[in-house]
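Below: the structure, in structure tokens.
The values are calculated or read from the model by the stated rules, or taken from the named source; none is laboratory data. Computed from a predicted structure; not experimentally measured. Heads up, the Cβs are rebuilt from the backbone with ideal geometry, glycines too, and the neighbour counts pull from every protein chain shown. The area values use the complete protein model at the heavy-atom level, side chains included, leaving out ligands, DNA and RNA. Shrake-Rupley method; radii C 1.70, N 1.55, O 1.52, S 1.80 Å.
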Amino acid sequence: MIVGRKVLLKEEVASTNDVAKSLALEGEEEGTVVVAKTQLAGRGRMGRSWSSPMGGLYLSVVLRPDVSVGDMLLLTVLSSVPVAQAIEELTGLEAKLKWPNDIEVDGKKVAGILVESASKSGNVEFLILGIGINLNTDPLELEGRNPGSLSSMTKRSYDPDASMHRALYHLDAFYERYRQGDRDTAEYVRRSHTLGRHITASVGDQRVSGQAMYIDLQGALVIKGDDGLTYRLDSVYTLRYE
Ligand code: BTN
């Protein structure tokens, strides 16, 4: 077991990713998890904030995979699968994935992942896998386009500790397979809510619309543009379904 061999519990932090990053910079071994009951400055992808009221699960894992910077996107994409598996086990509801790594139940975003890394000469020194799951939160307290929480969808409440261990169990199994060279995207594709749909992807004021076709070997989303061209999108894009 690597992921979760050490778990640091915090009441309140600015961001668990920041705490994990400071530890990693001081040489913390991989697998250490920082978990907090609430975050004052939770961060999401693309510079957004991540609402982190009490009742949610906010954790970050220090990892030191032997990979290059170019491998990061696929790892980021695939890391959503164990989170989806944990959510499905907890709720009994199907958890789908919106590229690159949003986790949705019934079309609502219930969890998100922020991967941040430090590299030297093109090799990853460490990465911080930050996961936020809206466990018992009221969706009205959450920012974002279409947030949901597990409790609001199932009318049950979820034990944060047990939920964390479910997530860590699946993350550890995933990371073990990843370390052994497994790059299989089949489970990701099976859970994808994006592939086959007509989407608009935007970055800044650039915008491209088309049919989401497949995930390539690096984890990029390949779309057939409405203009007939093929586009390869990396993670800086925001997607909208149409
Ligand atoms: C996203 O969907 O935009 C990613 C959200 C990631 C949120 C988690 S909560 C734990 C960790 N600490 C943070 O500040 N962010 C991540």
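Odds and ends about this structure:
- A count restricted to segment 149-164 and to residues that are surrounded by 14 or more Cβ atoms within 10 Å (Cβ to Cβ) and in a helix (DSSP H, G or I) stands at 8.
- For segment 179-199, residues that are in a helix (DSSP H, G or I) and under 30 Å from residue 210 (Cβ atoms) total 6.
- Residues of segment 197-228 satisfying the condition of being out of contact with any Ser or Thr (no Cβ under 6 Å at 6 or more places or on another chain) and open to solvent by less than 30 Å² (accessible area, probe 1.4 Å): 199, 201, 208, 210, 216, 219, 220, 221, 222, 223, 225
- Test result for residue 124, β-branched (Val, Ile, Thr), closer than 19 Å to residue 73 by Cα, assigned by TED's automatic domain parsing to the domain that holds residue 34 and away from the ligand (no atom under 15 Å from the Cβ): yes
- Residue check for residue 202: of a type outside the set (Phe, Trp, Tyr), over 18 Å from the mean Cα position of the chain (by Cα) and at negative phi: yes
- Selection over segment 39-58 of residues that are near the ligand (Cβ under 6 Å from one of its atoms), more than 13 Å from the chain's Cα centre (by Cα) and open to solvent by 20 Å² or more (accessible area, probe 1.4 Å) gives a count of 2.
- Considered as a group, the residues in segment 1-38 that are open to solvent by less than 80 Å² (accessible area, probe 1.4 Å), part of a loop (DSSP other than H, G, I, E, B) and not charged (D, E, K, R) include one that is nearest to the ligand (Cβ to nearest atom), and that residue is 15.
- Check on residue 102, within 10 Å of the ligand (Cβ to nearest atom), open to solvent by 10 Å² or more (accessible area, probe 1.4 Å), of a type outside the set (A, V, I, L, M, F, W, C) and in contact with a helix residue (DSSP H, G or I) (Cβ under 8 Å, 6 or more places away or on another chain): yes
- Summed over segment 117-148, residues that are within 26 Å of residue 232 (Cα to Cα), open to solvent by 50 Å² or more (accessible area, probe 1.4 Å) and in contact (Cβ under 8 Å) with a residue 24 or more places away in the chain total 6.
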